[in-house]
Amino acid sequence: MRTIDWDEEKDSVKLIDQTLLPAEYKILECKTLEELIDAIKRLKVRGAPALGAAGAFGVVLACIRGNSKKDIEDEVDKLRNARPTAVNLSYGVDRALNAALLGTTTQEMKTYALEEAQRIADEDVAVNKKIGDYGSELLEDGDVVLTHCNAGRLACVDWGTALGVIRTAIEKGKRIEVIACETRPLNQGSRITTWELLQDEIPVTLIADSTSAAVMREGKVDKVIVGADRVVKEGVINKIGTYMHAVVAKAHNIPFYVAAPLSSFDLKRSYKEVEIEERSPDELIFFGGKQIAPLDVKVYNPAFDFTPFELIAAVITEEGVYRHLTQQV
Ligand code: MRU
């Protein structure tokens, strides 16, 4: 199934619970907005485009429960703020809410919100295919591509952005291998990227994040492709560790690409104005339920970092490949 979808029979949001992968594949049903917000905060559904769809379907849940437009708008504010960094969450929420507000009864509002949410989900798949088409032209037969975090079908409604580029290149007959960085601390790379690539029989090698410089120096990487949580006026905000790979790629003359839909663009804003989500110290103090650091150690655990355009060879979008990007004024 798609990463996230609407269940017509149960009037609920269904999503693949990504915290259980790769050990267990389980579909989670969210009947209330509270359940969906909890799923977003716990990263059961994650990745910028998937959060856009989650935001939109969340508005539908708010319409089912809400008694008035004011009620619905108040509830939806909590959803919009469930995670602060990816711009897609508020993009999805606002599109579905604006559609809902055209209705006069709560039933009408629900119908309009659902139609818009389905449109956002379908668009996401179509957009990713276009990103794949443009991006695949940048890859050559035999390339080894390093990626960070998960910008695959599980970060989107389907297909993926960075991994979508790889999927399309393979579909076009190119032989591509992937190096997946584990992406500490929540391991979206080792748990999710490797799992989804193996499902599609795409060759993948898992490395620790700290191995990326070594593999680039050893000449084992031809290109780097990552996704984006927000493209701002001076560069790209993406999963923590992205900046480190970009610096190392530049040092080794390896093209560093970002694949992102236009719904992730927020060019009016500077990276300095974007809230970078800081996550619980427990994510570094514990691993798999086992304590691995002193309980009282000071922890700094940002979920995202900023990479300036100078380090990015091109941004691949559904409208084409943008090279030589400089700060937007
Ligand atoms: O914390 P996450 O797992 O939601 O972070 C996801 C990422 O950083 C992805 O690289 C980004 O959202 C792009 S997904 C197409």
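Read the figures in this text as sums done on the coordinates, not as results from a lab. The structure presented is a predicted model; accordingly, all values stated were derived computationally and were not measured. FYI the Cβ positions are ideal-geometry reconstructions off the backbone, even for glycines, and counts take in every protein chain you see.
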Order of Tyr112, Tyr300, Tyr91, Tyr322 - criterion: other Cβ atoms within 10 Å of each residue's Cβ, fewest first: Tyr300, Tyr322, Tyr112, Tyr91
³J(HN,Hα) computed for each position of the stretch 139-152 - Karplus, 6.51 cos²θ - 1.76 cosθ + 1.60, integer Hz, glycine/proline x: 9, 10, 3, x, 5, 10, 10, 8, 9, 10, 6, 10, 10, x
Fewest-first ranking of His324, His245, using other Cβ atoms within 10 Å as the exposure measure: His324, His245
Beta bridge orientation in the stretch 132-328: antiparallel %, DSSP, nearest 5: 50
Over the stretch 207-329, relative contact order from alpha-carbon pairs under 8 Å, at least 6 apart, %: 31
DSSP-loop trypsin sites (Lys or Arg not before Pro) across the stretch 248-317, with at most 14 other Cβ within 10 angstrom: Lys268, Lys298
Burial order of peptide ranges 63-69, 229-235 (average beta-carbon count within 10 Å, highest first): 229-235, 63-69
Cβ-placed point charges (K, R +1; D, E -1), dipole of the chain about Cα centre in debye, nearest 20: 600
Kirkwood Rh in Å, taken over all unlike Cα pairs in the chain: 20.0
Using distinct alpha-carbon pairs, which all enter the 1/r mean, Kirkwood radius of the stretch 1-69 in Å: 12.1
Length-normalised contact order of the chain in % [C-alpha pairs under 8 Å, at least 6 apart]: 16
Between 0 and 90°, nearest 10: helix 87-100 axis offset from the chain longest Cα axis: 20
When the stretch 97-188 is reduced to its Cα atoms, the Kirkwood hydrodynamic radius in Å: 15.0
Spatial separation of Cα centroids for the stretch 39-91 and the stretch 165-244, in angstrom: 28
Burial ordering of Met1, Met109, Met244, fewest other beta-carbon atoms within 10 Å first: Met1, Met244, Met109
For Cys149, distant residues with modelled amide H under 5 Å away: Cys181, Thr183, Gly189
In sequence order, calculated HN-Hα J values of the stretch 194-201 (Karplus, 6.51, -1.76, 1.60; Hz; x Gly/Pro): 5, 4, 6, 5, 5, 4, 9, 6
Linear extension gain, Gln199 paired with Leu102, 0.36 nm per residue minus alpha-carbon span: 30.7 nm
CD proxy at 222 nm, helix term only [per DSSP H run n ≥ 4: -39500 (n - 2.57); per residue of the chain; nearest 500]: -11500 deg cm²/dmol
Mean separation of Cα contacts under 8 Å, 6 or more apart, over the residue count of the stretch 84-143: relative contact order %: 24
Among 198-208, 155-165, the order from most to least packed when residues are scored by Cβ within 10 Å on average: 155-165, 198-208
